[in-house]
Every structure is written in structure tokens, then in C-alpha cells.
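> Quick one: structure below, then a few questions.
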Amino acid sequence: MKNFCYSINTVNINIFFPHNRIKTKKQILKILFEATRTMLISQPIEDVSDCFHFKVIIDKMSRLFFFNEKKYYSINFPFTYIIDNNKPSISYKNIVEINSKIISQLIEILNDTRFDSEYSLDFIEPISEIESEYENKLWFLLKELLMLEDGYVRFDNDKELYMKAKEENKEHTHPENHLDIFYTNGNTFKIGLESISRYDEFIDFFDLKTDCKYLKNFR
């Protein structure tokens with residue numbers, strides 16, 4: 001198993017933990033890219049129990065886990081991650097090398113207004129402008145990541161909204177401790193938890209090598 005922990009610096013806090021909840025695939029990809037950049041340029045740290053850090057865990061699962069004091073979430077990590085002589089190497093399916101340059105250019109493409117165009121030629125233009133730098137593999141990489149099942153799951157300890165729901169006798173519509181599955185309005189739903197999930201417990205939810213958790217009705 002590969003299990004590495006990294007600090008989240010102040011520059012990236014608003015990327016990994018935006019003020020408003022994550023709502024789009026573009027946000028997920030930017031989070032993936034910035035976490036990958038951190039893994040390339042920073043040394044792993046010892047496991048921590050305080051807030052604002054993330055982990056990459058690769059075993060039967062391959063995921064990133066992001067933690068602060070009251071919210072944590074996980075997404076799929078689709079890259080191959082190798083550390084040789086303390087030097088990290090990251091690639092996609094051993095076809096495209098992932099480095100700081102390609103990360104910066106992918107983020108620039110996602111931020112380009114042409115990427116949101118209704119017209120296909122406008123959409124592809126910022127990609128085709130630099131495609132040749134990557135042996136015509138850039139669109140392959142971006143297409144694969146856009147179609148990727150990102151596996152977003154978030155834990156929230158949200159006492160404020162729980163108390164508001166409780167005042168209306170609807171506390172079970174917004175449990176104080178809950179998991180949010182998916183992120184778009186048409187798909188997302190909550191699973192209530194009886195208590196705050198610890199960091200290691202949240203990770204264990206996704207571990208295919210440990211016993212499954214079971215749901216039970218609150219009534």
C-alpha cells in the first residue's frame with residue numbers, strides 16, 4: 001500500500017476547501033491537478049491529527065482524501081504514482097507524464113472561456129494550440145479525465161443546519177453528521193451518521209480490504 005500525507009498550504013486552502021460547496025467537474029479536476037502538483041514538489045509529512053492536509057492512498061483503491069476540522073472528502077486518483085530514490089514520478093496509464101508544466105496548461109485550458117463555448121471548434125482551440133508539445137496526447141488525457149468517474153464523497157459535521165432542521169422537526173433531513181454522495185444537485189444525497197467520523201474511519205469507508213459498514217434506519 002502507498003499511503004502519503006501532505007500539508008495543504010494557505011495558497012491552496014480555497015481550492016481544496018472552497019467557501020461554497022463543490023458543484024462541477026472542472027472544480028474536481030482543478031483539485032486533482034493541484035494535489036498532484038503538491039505531490040510532485042513537496043515532501044510527504046508524518047500523519048497529522050490537525051486540520052488542512054490531504055492523503056493519497058493507493059492499494060486496491062486509489063484515492064485522494066482531503067481533511068479539515070469539520071469537513072473531509074475523497075475523490076478518485078487516476079494516476080500512476082512512483083517514488084524512486086525520493087523522487088516522485090506521476091503519469092496517466094504510463095502514456096502521459098504528469099508534471100508541473102502540463103498541470104499549469106491543463107488548468108489554463110479549464111479556465112479559458114473558449115472551453116465553455118457551445119461550439120466545438122472554439123472548445124478545441126485552446127487544446128490544439130499546445131497539443132503538439134505533448135505528441136498529440138493532450139486531448140487524450142483531458143478527454144479521459146473529463147469522462148472519469150470521480151467518486152466524490154464528503155463528510156460534514158454541520159451543527160448549524162442541523163439545528164435549523166430540528167426547529168422544524170425535520171432533523172433527519174439534515175443530520176448533524178452525514179455523508180454527501182456526489183456533488184451535482186440532481187444526483188447528491190445524504191447518509192446520516194450517528195457521530196463524528198474520525199479521519200481514519202472515513203478512509204476505512206473506502207477500503208476494499210476491510211469489513212463493509214452497514215446502514216440502519218434511524219427509527
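> Report, in listed order, any pair from Lys23/Lys60; Lys30/Lys170; Lys143/Lys216; Lys87/Lys143 with a Cα-Cα distance greater than 31 Å. Spell out each step's value before the answer.
On the way: Lys23/Lys60 27 Å; Lys30/Lys170 36 Å; Lys143/Lys216 39 Å; Lys87/Lys143 28 Å.
Those over the limit are Lys30/Lys170; Lys143/Lys216.
> Here is a follow-up. Taking the Cα centre of the chain as origin, sum charge times position over the Cβ atoms of Lys and Arg (+1) and Asp and Glu (-1), and report the length of that vector in debye to the nearest 20.
Numbers: 29 positive and 35 negative charges, 103 e Å.
With Lys and Arg at +1 and Asp and Glu at -1, about 500 debye.
> Let me ask another. Match the structure shown to one of the listed values [x] 120; [y] 202; [z] 145 of volume of the Cα convex hull per residue in Å³, computed from it, and give that label.
Computed from the coordinates, volume of the Cα convex hull per residue in Å³ corresponds to [z].
> I would also like to ask the following. Can you tell me the alpha carbon radius of gyration of region 113-181 divided by the globular rule-of-thumb value 2.2 N^0.38 Å?
1.94
> While we're on this one: Given the options Tyr152, Phe52, Cys212, identify the residue whose Cα lies farthest towards the positive end of the charge dipole of the chain (+1 on Cβ of Lys, Arg; -1 on Cβ of Asp, Glu).
About the Cα centre, the residue reaching furthest to the positive side is Cys212.
> Here is a further query. With charges only on Cβ, +1 for K and R and -1 for D and E, what is the dipole size of region 14-124 about its Cα centre, in debye, rounded to 20?
280 debye
> P(r) for region 160-213: what percent of alpha-carbon pairs falls in each 10 Å bin, starting at zero?
Calculated over all Cα pairs of region 160-213, the distribution is 22, 42, 30, 6, 0 percent.
> Taking GluC sites (Glu not before Pro) as candidate sites, keep only those in a DSSP loop with at most 15 other Cβ atoms within 10 Å, then name the longest stretch of the chain containing none of them. Write down the numbers at each step before the final one.
On the way: sites that count: Glu46, Glu69, Glu118, Glu129, Glu135, Glu149, Glu168, Glu194.
My reading of the result: 70-117 is the longest stretch.
> Moving on. Taking each full run of DSSP H in the chain as one helix, which ones are at least 20 Å long along their axis (Cα atoms) and have mean Kyte-Doolittle hydropathy of at least 0.0?
Details: long enough: 25-41 (24 Å, 0.40).
Span-like helices here: 25-41.
> Still on this structure: Among Pro78, Asn185, His172, which residue has its Cα furthest toward the positive end of the charge dipole of region 74-219, with +1 on Lys/Arg Cβ and -1 on Asp/Glu Cβ?
Result: His172.
> Convert each backbone phi in region 171-185 into a coupling constant with the Karplus relation 6.51 cos²θ - 1.76 cosθ + 1.60 (shift: θ = phi - 60°), then list the ³J(HN,Hα) values in order as whole Hz, x for Gly and Pro.
4, 7, 8, 8, x, 4, 10, 7, 9, 9, 9, 6, 9, 7, 4
> Could you work out the pair-distance distribution P(r) of region 21-96 from its alpha-carbon pairs, with 5 angstrom bin width and percents rounded to whole numbers?
Spelled out per bin, shortest first, that is 3, 13, 24, 27, 20, 10, 3, 1.
We did not get these values from a lab; they are worked out from the coordinates using the rules stated. Given the structure is predicted, the values throughout are model-derived calculations rather than measurements. Positions of Cβ are generated from backbone atoms using ideal geometry, with glycine treated the same way; all protein chains shown enter the neighbour counts.
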